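Read the structure below first, then the notes.
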Amino acid sequence: MSHNSFGHLFRVTTWGESHGAAIGCVIDGCPPRLALSEADIQPFLDRRRPGQSRFTTQRQEPDQVRILSGVFEGMTTGTPIALQIDNVDPRSRDYGEIAAKFRPGHADLTYELKYGIRDYRGGGRSSARETAMRVAAGAIARRVLGAGVRIRGALVQMGPHRIARGRWDWNAVEANPFFCPDPVAATAWEAILQEVRKSGSSLGAVIEVVADGVPPGLGAPVYGKLDADLAAAMMSINAVKGVEIGDGFAAASLTGEENADELRMQDGMVAFGSNHAGGILGGISSGQPVVARFAVKPTSSILSPRRTVDRDGNETEIATKGRHDPCVGIRAVPVGEAMMACVLADHLLRQRAQNPDAPATPRLPRN
């Protein structure tokens, strides 16, 4: 299987399956002499870890990361960084009854059609378990970006239920099991998702990721656009079916006057009156917050019986037992943050390589 790597100068390759012995990744291109230890990575993995509430899968994985290479005496060496997480709580027997059946909405059928073989245990390589290594890589990407760039994500919609943006509170995100910035919506979602879980069904979600402190100049025209790489990165996350930057699809309903992010000068710097563009113009960061939003479909593995076919072409029914997220979008929040970090780190290194003399804070020339 090819295409397990992403990024150019900051390049991440992941490996492993949901019910294999371990999962891991190799990060190539990380600059040397950055302070790095497992303790710098683990907090981000803990946010994504399964089994933390009744609203996520009850698979008990500590997701304890080990650094195998690329770090010496607490500093990165500039050589490939290898990370590994052991799988300690797979329960493959849960999938025995559906080994020859294709779950509707899942990758079972397409993997079978493409490769002629698939790992049915938890979806194998197509499982969201793979995203743990993206989160680990994202923690290292944040070290590359430095403390001046802050990346935060939030779940802004669950099923048809949206937050009230007037109640947005970043401090609330870590205070509820949904990464929700609206405390009122978070309380309502508890009852909603509890009923969905009991019924054996699932819900989709929308996640918003915001990066503050991104310097201007990241990205390149035409085929190296920052927003294009961000869209590809977010779309590569399991179960994601839509991505938008800034106002995204909502921009289509605006007039030109409404959509224009007007410019002015403030303290010798260019300032913006709004951020409909999501911090990216012509594929290049403007210095405003970079905003990406992505939609996650409902979890495909559900208890409710659905019509399907098996490997022999027989029509049948399927109900997926086991431990599954009633809303996989919840744990996608730290994954989205990680992908934002990896893309920004990659583009920061590209900018340094192509334009090493660019000032850290570009200003317009004065006449």
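May I ask you to verify whether ARG129 is among the charged types (D, E, K, R), open to solvent by less than 20 Å² (accessible area, probe 1.4 Å), touching a residue at least 40 places away in the same chain (Cβ under 8 Å) and under 18 Å from ALA239 (Cα atoms)? Here the answer is yes, as ARG129 does meet what is asked.
Which members of the range 132-163 meet the condition of being open to solvent by 40 Å² or more (accessible area, probe 1.4 Å) and either among the polar types (S, T, N, Q) or closer than 26 Å to ASP40 by Cβ (or both)? Walk me through it before giving the result.
The initial filter retains those residues of the range 132-163 that are open to solvent by 40 Å² or more (accessible area, probe 1.4 Å), namely 142-143, 147-148, 150, 152, 160-162.
Residues satisfying the conditions are ARG142, ARG143, ALA147, GLY148, ARG150, ARG152.
Residues that are over 30 Å from ASP119 (Cα atoms) and free of Cβ contacts under 8 Å to residues at least 12 places away in the same chain within the range 1-42 comprise just one, ALA39. Taking (1) open to solvent by 40 Å² or more (accessible area, probe 1.4 Å); (2) closer than 26 Å to ALA277 by Cα in turn, ALA188 satisfies each apart from (2). Checking every residue in the range 202-215 against the condition of being touching a Cys at 6+ places or on another chain (Cβ under 6 Å) and more than 14 Å from ALA341 (Cα to Cα) gives at least one match.
Of all residues in the range 196-206, none are part of a helix (DSSP H, G or I), hydrophobic (A, V, I, L, M, F, W, C) and open to solvent by 50 Å² or more (accessible area, probe 1.4 Å). Checking every residue in the range 24-45 against the condition of being hydrophobic (A, V, I, L, M, F, W, C), open to solvent by 70 Å² or more (accessible area, probe 1.4 Å), outside any loop (DSSP other than H, G, I, E, B) and touching a Cys at 6+ places or on another chain (Cβ under 9 Å) gives zero matches. The single condition among (1) part of a helix (DSSP H, G or I); (2) more than 18 Å from ALA239 (Cβ to Cβ) that THR110 does not meet is (2). In summary, GLY166 fulfils each of the numbered conditions (1) out of contact with any helix residue (DSSP H, G or I) (no Cβ under 9 Å at 6 or more places or on another chain); (2) open to solvent by less than 20 Å² (accessible area, probe 1.4 Å) with the single exception of condition (2). Going by the conditions given, is GLN194 modelled with pLDDT under 95 and farther than 30 Å from GLN351 by Cβ? When the stated conditions are applied, GLN194 passes them. Per the listing ALA341, ALA295, ALA277, the residue uniquely at pLDDT 90 or above, assigned to a loop (DSSP other than H, G, I, E, B), surrounded by 13 or more Cβ atoms within 10 Å (Cβ to Cβ) and under 22 Å from the mean Cα position of the chain (by Cα) is ALA277. Can you say whether GLY116 is open to solvent by 40 Å² or more (accessible area, probe 1.4 Å) and either without any contact (Cβ under 8 Å) to a residue 60 or more places away in the chain or at positive phi (or both), as far as the supplied structure shows? It is true that GLY116 is open to solvent by 40 Å² or more (accessible area, probe 1.4 Å) and either without any contact (Cβ under 8 Å) to a residue 60 or more places away in the chain or at positive phi (or both). In the range 8-23, the qualifying residues are those that are open to solvent by 20 Å² or more (accessible area, probe 1.4 Å) and at pLDDT 95 or above, and the one that is nearest to ARG134 (Cα to Cα) is THR13. What are the residues in the range 307-338 that are at pLDDT 90 or above and under 22 Å from ASP119 (Cα atoms), if any? If the condition is that a residue be at pLDDT 90 or above and under 22 Å from ASP119 (Cα atoms), then ARG307, THR308, VAL309, ASP310, ARG311, ASP312, GLY313, ASN314, GLU315, THR316, GLU317, VAL328 are the ones that fit. The set of residues from the range 213-255 being outside any loop (DSSP other than H, G, I, E, B), among the acidic types (Asp, Glu) and either farther than 25 Å from ASN4 by Cβ or touching a strand residue (DSSP E or B) at 6+ places or on another chain (Cβ under 6 Å) (or both) comprises ASP227, GLU244. Within the range 324-338, identify whether any single residue is under 21 Å from GLU244 (Cα atoms), open to solvent by 10 Å² or more (accessible area, probe 1.4 Å) and in contact with a Phe, Trp or Tyr (Cβ under 7 Å, 6 or more places away or on another chain), and answer yes or no. No, the range 324-338 contains no residue that is under 21 Å from GLU244 (Cα atoms), open to solvent by 10 Å² or more (accessible area, probe 1.4 Å) and in contact with a Phe, Trp or Tyr (Cβ under 7 Å, 6 or more places away or on another chain). Show the residue pairs meeting these rules: Cβ distance below 7 Å; 6+ apart or different chains; first residue within the range 70-88 and under 15 Å from ASP46 (Cα atoms) and at pLDDT 95 or above; second residue buried (at least 19 other Cβ atoms within 10 Å of the Cβ) and among the charged types (D, E, K, R). From the range 70-88, the pairs are ILE85/ASP63.
The values are calculated or read from the model by the stated rules, or taken from the named source; none is laboratory data. Here the structure is a predicted model, which is why all the values come from computation and not from measurement. Because the Cβ atoms are built from the backbone with ideal geometry, glycine has one as well, and the counts that use them run over all protein chains shown. Areas reflect the complete protein model, heavy atoms only, side chains present, ligands, DNA and RNA absent. Shrake-Rupley method; radii C 1.70, N 1.55, O 1.52, S 1.80 Å.
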